[in-house]
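Novice: Quick one: the structure is below, questions incoming.
The values are calculated or read from the model by the stated rules, or taken from the named source; none is laboratory data. These figures come from a predicted structure and were not determined experimentally. Counting neighbours? That spans all protein chains shown, and the Cβs are built from the backbone with ideal geometry, glycine included. Side chains are part of the model used for accessible areas, which takes the heavy atoms of the whole protein and leaves out ligands, DNA and RNA. Shrake-Rupley method; radii C 1.70, N 1.55, O 1.52, S 1.80 Å.
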Amino acid sequence: MQTIYYDLRDTKGQQKEIEDKISAAAKILREGGLVALPTETVYGLGANGLDPEAVKRIFEVKGRPQDNPLILHVTGAQWLPRYCAEIPPIAYVLARKFWPGPLTMILKRQPLVPDATTAGLDTVGVRCPNHPVTLAIIREAGVPIAAPSANTSGRPSCTTAQDVMEDVGDAIEGVVDGGPCVVGVESTVLDLTCDPPRLLRPGGLPVEDMERLIGHIDVDKSIHGAKVDRPGAPGMKYRHYAPKAPVTVITGAPEASAREIERWLGPTSGVICFDEYAGRFAGHEVHPLGPCGDKQIQAQRLFDALRTFDGTGVTEIFAQCPDNHGLGLAINNRLKKAAGFHILEADSQRIILGLTGGTGAGKTSALDAIRGLGGLVVNCDEVYHQILSENEEFQDAINEKFPGVFNAQRQLNRQKLGKEVFAKKDRLDQLNAIVFRYLVPELEAKMQAAGDGLYAIDAINLLESGLDRLCDRTIAITAPTELRVRRIMARDGITEQYARLRISAQKADEYYRGKCDCELNNASDSPAEFQKDAKLFFEKLVDAIREEKRHGAAVNLGK
Ligand code: TXA
Ligand code: MG
């Protein structure tokens, strides 16, 4: 099939030619074909919304789940009674103020609207898009146009005709190019079948603008990532907008989040950041989102930023994120959905120390010293085992990379997994990457719940697992070998020979010394004395970090 491309970016030129293109697109739609259409939000994949066969093809072409209803696009509020029932007066109030524009209203449907369009619901979403070309095409077609965003399901929405060609170009009859979308995020979806109305999807029309006109609006929990069985808009439950590389959203003040991203950045990390910070990430794949203070530009560039990483070698993406006000709520929601709600809080006042070292060096005593300073020790091994037995997503992620390590009862065969990663560095890296991705949010949640303050991370493979990236400082606990031998003989009741064997099987002090930020050497014969030394050491260290955090912003600004 030949897809016809209609260039209607400039509608000031030859009127006859323009009208011909509009008529041709309208004719395809009227006859049951699919045409991608420009709107102010994102490109839509249009079909006659009253023709079940045409609508079915939309689902096929997009690979869209059958239970996800489509929005009917109309040319004005005069069409509401034709397709909707029990229309509350407030719908007309909203339409008068915000149509044409990025607002979709959910209303009871008329029987005329087919099940194929509403996915069998007794409601229908209607919207009047603010794009002259598409309005002209709908008018000319004489039917309401059902149009989801023109991306293939799961991908970021299309904001240019080129994006559309890339995703569905060869599977549809026509693509109308109306230039890049000026809003850049999809319409706001508002359910008017309840009182007060309910926000189902934040979008191009800020909720504050509507509240000023109609009073309080409830917000569907799914918008903030809460796992609800049945979100108001079925589309909100699907993974969406995700680039191929996993995304982490860093919230907090821009300065703090930029600093946070710097700490996390690896050689193949990509960054979505505010324009002001692009220079900080030189040498990395960077997609500037727009100036900190301009959410309109951020919305316009958002999907493009998410899309363009796919062609690069980037293996993970860190994204700064605006606050939740105005258009920020929609930008937040899309970024966080792209991240699977993998979010890090940047501007907290906590201090995290990571301790590591060989057996018998004194890590346990050092952790006690931190407790003595009021610090909380986070036992990563414990959390790891907890998610291993409880978190099905985590289990599935491991099972996907290491098929067969879980049995039907979801119990892990540790030996089998151990064999898989033992002596195979790339396999171990793969496992660590999965563990890291799921462990960190759990640790974050634990620390968030406990509040600001001092934390010590107790992780067996602090450096190897990547958990050191959570820490303000990593500390190598070292000790002379002869002392370690004696200590573990006494502690574990083992022979000298076995003690030496265990020590020699581990990494040498040099390794930890080289990789950590600082070292605490435990050369004392008396545990009480080491505790005292350790307490002093950590006291000084924590003071230094506090001081640095206090001045961090100012120092970094001058970078
Ligand atoms: O800006 C937009 O709204 C774009 C352009 C093309 O108009 N369209 C768009 O459509 O984003 P789509 O299909 O990608 O997203 C529509 C969202 C989905 O989350 C869907 O579940 C929800 O609206 N929706 C549609 N009809 C609904 C209904 N009757 N009840 C609840 N949610 C509905
Ligand atoms: Mg969509």
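Novice: Report, to the nearest whole %, how much of the accessible area of segment 61-201 belongs to carbon and sulfur atoms, 1.4 Å probe, protein only.
Specialist: Values: 2640 of 4920 Å².
Here it works out to 54 percent.
Novice: What nm value, rounded to one decimal, do you get for the distance between Ile434 and Arg212 when each label is placed 7 Å out toward the C-beta?
Specialist: That separation, rounded to one decimal, is 5.0 nm.
Novice: Let me ask something else. Return the distance in nm (one decimal) between the two label points of a simple spin-label model at Gln66 and Tyr238, each offset 7 Å from Cα along Cα→Cβ.
Specialist: 1.4
Novice: I'd like the Karplus ³J(HN,Hα) series for segment 80-93: coefficients 6.51, -1.76, 1.60, θ = phi - 60°, whole numbers in Hz, and an x wherever there's a Gly or Pro.
Specialist: With coefficients 6.51, -1.76 and 1.60, one gets 4, x, 5, 10, 10, 10, 6, 6, x, x, 4, 5, 6, 4 Hz.
Novice: Subtract the Cα-Cα distance of Arg546 and Asp294 from 0.36 nm times their separation in residues, and report this length gain in nm to one decimal. Please list the in-between numbers first.
Specialist: Numbers: separation 252, 0.36 × 252 = 90.72 nm, distance 3.23 nm.
Answer, rounded to one decimal: 87.5 nm.
Novice: Still on this structure, I have one more. For segment 419-427, just list the computed ³J(HN,Hα) in residue order, Karplus coefficients 6.51, -1.76 and 1.60, θ = phi - 60°, integers in Hz, with x standing in for Gly and Pro.
Specialist: For segment 419-427, the Karplus-derived couplings read 4, 4, 9, 5, 6, 10, 4, 5, 5 Hz, x marking Gly and Pro.
Novice: Starting with the highest mean, order 492-501, 106-115 by the number of other Cβ atoms within 10 Å, averaged over the residues of each peptide.
Specialist: Details: 492-501: 12.7, 106-115: 17.4.
Per-residue mean Cβ counts within 10 Å order the peptides as 106-115, 492-501.
Novice: May I ask you to evaluate 6.51 cos²θ - 1.76 cosθ + 1.60, the Karplus curve with θ = phi - 60°, for each residue of segment 325-335 and list the ³J(HN,Hα) values in order in whole Hz, giving x for glycine and proline?
Specialist: 7, x, 4, x, 5, 5, 5, 3, 4, 5, 5
Novice: If you average the sequence gap of Cα pairs under 8 Å that are 6 or more apart and divide by the length of the chain, what percent do you get for the contact order?
Specialist: On the way: 1064 pairs, mean separation 69.6, N = 559.
In percent, rounded to a whole number, it is 12.
Novice: Please work out the FRET efficiency for the pair Glu519 and Glu166, using the Cβ-Cβ distance as r and a Förster radius of 41 Å; give the result to the nearest 0.05. Provide the component values of the computation, followed by the final result.
Specialist: Numbers: r = 52 Å, r/R0 = 1.28.
After rounding to 0.05, the efficiency reads 0.20.
Novice: Evaluate E = 1/(1 + (r/R0)^6) for Arg414 and Ala490, where r is the Cβ-Cβ distance and R0 equals 22 Å; express this FRET efficiency to the nearest 0.05. Spell out each step's value before the answer.
Specialist: Details: r = 29 Å, r/R0 = 1.34.
After rounding, the FRET efficiency stands at 0.15.
Novice: Also, quick follow-up: Can you pull the accessible area of Trp99 for me, 1.4 Å probe, Å² to the nearest 10?
Specialist: Ignoring ligands and nucleic acids, Trp99 comes out at about 30 Å².
Novice: Now for a different question. Between Glu86 and Glu53, what is the label-to-label distance in nm when each label sits 7 Å out along the Cα-to-Cβ direction?
Specialist: 3.4
Novice: Stretched out fully, how many nm does the piece from Ala278 to Glu393 gain, at 0.36 nm a residue minus the Cα gap? List each step's numbers first, then the result.
Specialist: Numbers: separation 115, 0.36 × 115 = 41.40 nm, distance 3.38 nm.
Gain on extension, Ala278 to Glu393, equals 38.0 nm.
Novice: If you don't mind, another one. Taking the Cα centroid of segment 83-101 and of segment 247-283, what is the distance between the two, rounded to the nearest whole Å?
Specialist: Cα centroid to Cα centroid, the span is 42 Å.
Novice: Tell me, what are the semi-axes, in whole angstrom and largest first, of the equivalent ellipsoid of the chain as set by the roots of 5 times the Cα gyration tensor eigenvalues? Don't jump to the answer; show the numbers that get you there.
Specialist: On the way: eigenvalues 613, 113, 91 Å².
Equivalent-ellipsoid dimensions as semi-axes: 55, 24, 21 Å.
Novice: When the Cα centres of segment 443-466 and segment 300-336 are compared, how far apart do they sit, in Å?
Specialist: Rounded to whole Å, the Cα centres lie 27 Å apart.
Novice: Related question: A 20 angstrom limit on the alpha carbon distance is what I want to check against. Which of Lys507/Lys532; Lys221/Lys337; Lys108/Lys227; Lys221/Lys295; Lys56/Lys337 exceed it? All intermediate terms of the calculation are to be shown ahead of the outcome.
Specialist: Numbers: Lys507/Lys532 27 Å; Lys221/Lys337 13 Å; Lys108/Lys227 26 Å; Lys221/Lys295 23 Å; Lys56/Lys337 26 Å.
Beyond 20 Å: Lys507/Lys532; Lys108/Lys227; Lys221/Lys295; Lys56/Lys337.
Novice: Computed FRET efficiency, Cβ-Cβ of Leu376 and Asp426, R0 41 Å: what is it to the nearest 0.05?
Specialist: Numbers: r = 35 Å, r/R0 = 0.85.
After rounding, the FRET efficiency stands at 0.75.
Novice: I need to check one value: relative contact order of segment 233-340, counting alpha carbon pairs closer than 8 Å and at least 6 residues apart, in percent.
Specialist: Numbers: 175 pairs, mean separation 43.9, N = 108.
After rounding, I find 41 percent.
Novice: Beyond 20 Å, how much of the Cα-Cα pair distribution for segment 284-344 remains, as a whole percent?
Specialist: Details: 396 of 1830 pairs.
Cα-Cα pairs of segment 284-344 separated by over 20 Å account for 22 percent.
Novice: Given a 1.4 angstrom probe, I'd like the percentage of the accessible area of segment 423-500 that is carbon and sulfur, rounded to a whole number. Don't jump to the answer; show the numbers that get you there.
Specialist: On the way: 1960 of 3650 Å².
Using a 1.4 Å probe with all protein chains present, segment 423-500 comes out at 54 percent carbon and sulfur.
Novice: Also: Going 7 Å from the Cα of Glu529 along its beta-carbon direction, which residues of segment 350-391 have the amide nitrogen within less than 17 Å of the resulting point?
Specialist: Counting backbone N atoms under 17 Å from the label point, the list is 361-362, 365-366.
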